[in-house]
1. Assuming a ≥ b ≥ c are the square roots of the Cα gyration tensor eigenvalues, decide whether segment 121-278 counts as rounded (a/c under 1.5), prolate (otherwise, with a/b larger than b/c) or oblate.
2. Tilt of helix 263-276 relative to the longest C-alpha principal axis of the chain, in degrees (0 to 90, nearest 10)?
3. I need the calculated FRET efficiency for the pair Lys261 and Phe24, taking r as the beta carbon distance and R₀ as 51 Å, to the nearest 0.05.
4. So, in Å, what gap is there between the alpha-carbon centers of segment 171-235 and segment 96-154?
5. Kindly state, to the nearest 0.05, the FRET efficiency for Thr61 paired with Ala205, given R0 = 25 Å and r defined as their beta-carbon distance.
6. Tell me, in nm to one decimal, what length is gained between Leu147 and Asn253 on full extension, where the rule is 0.36 nm per residue of separation less the Cα-Cα distance?
7. Take the cross-link list Lys69/Lys135; Lys1/Lys49; Lys135/Lys255; Lys69/Lys125 and give me the ones stretching past 30 Å between alpha-carbons.
8. Karplus couplings for segment 69-81 from phi (6.51 cos²θ - 1.76 cosθ + 1.60, θ = phi - 60°), rounded to Hz, Gly and Pro as x?
Amino acid sequence: KEVYLNGKWLKPDEAFVSVFDRAFMFGDGIYEVTPFYKGKGFKLKEHLKRLQYSLDQIQITFDAFSLEKLMLEAIDRAGLHNADAAVYIQLSRGAGARSHFVPEKIETSILLYAFGVTLEGFEKKTWHVMASEDKRWYRCDIKSTALLANVMANEAAISAGFHENLLLRNGYFTEGSHSSLFFVKYGVVYTHPEGPEILSGITRAEVINICASLNIKVIEKTVHFDELVEVEEVFVTGTTTQIIPISSITHHNKKVYTTRKDSLTKKLQEVFIKRTRR
Ligand code: PMP
């Protein structure tokens, strides 16, 4: 019994929620994905802190840190204590008669489970990506289960043979459909500042921290599409993505960037591996 749902551990095919669950009907829920390297949680507190932020933002009263024990139990129950894995947490507003206003009496529903994931070998990958308009809402800082725009953006990429879709808001890059985005220009690292346009990525924060430890300058500033001609390296980051260099960017069927260097990205990957695998 590996899936935790509202106080019970259930077999995956026995875990059901109400059809009136608001995450199902409205996308009125939030989620978090935390990596476990060989059974050991990485940046667990940071993930729970971000979960708490999302909960607070959508006004679900719940103590995110109370889930820490369940996360470890999920890894244990799934027999993943020696494997690379991740824990998925989803909190829904709960189930109630369908209405846009939130019913007064409603109980948060909690779903949590661990799953095996390949975290090794990411440093050997490169991604060819496309770029397109960012059609998401203006609260991308909330890790909402309402991911339709992300799913559509990613599907557009995958169906055209790309690995990811880099999103542009008014000509400026925000992030990928499921990853944070970095550029290197004249040896300086650029990434979109935190705010409503992006998710505050835990891996993004770790990469910024690694840069500081290597005396690499980071500027949290938007990069415009037209600046691509000056860009030396591009890479994306994420919990399961980790750090992956972008080898090309295609926009409206035209290649607008091909990788010029990879040395800085390689350095960051090296330190990242050391930190996650120690
Ligand atoms: N941006 C978006 C839109 C994401 O879905 C994700 C998560 N895969 C990220 C950034 C990366 O965040 P993290 O490093 O916390 O996984």
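Since every read-out is calculated from the coordinates, none of them should be taken as a lab result. Predicted, not measured: the structure shown is a model, and the values here were computed from it. Here the Cβ positions follow ideal geometry from the backbone for every residue, glycine too, while neighbour counts run over all protein chains shown.
1. Values: a/c = 1.42, a/b = 1.25, b/c = 1.13.
Judged from the Cα gyration tensor, segment 121-278 comes out rounded (a/c under 1.5).
2. 30 degrees
3. Details: r = 46 Å, r/R0 = 0.90.
Approximately 0.65, to the nearest 0.05.
4. Between the Cα centres of segment 171-235 and segment 96-154 lies a distance of 20 Å.
5. Efficiency for this residue pair is about 0.45.
6. 35.7 nm
7. On the way: Lys69/Lys135 37 Å; Lys1/Lys49 27 Å; Lys135/Lys255 22 Å; Lys69/Lys125 34 Å.
Check vs 30 Å cut-off fails for Lys69/Lys135; Lys69/Lys125.
8. 4, 5, 4, 5, 5, 4, 4, 4, 4, 7, x, 9, 5
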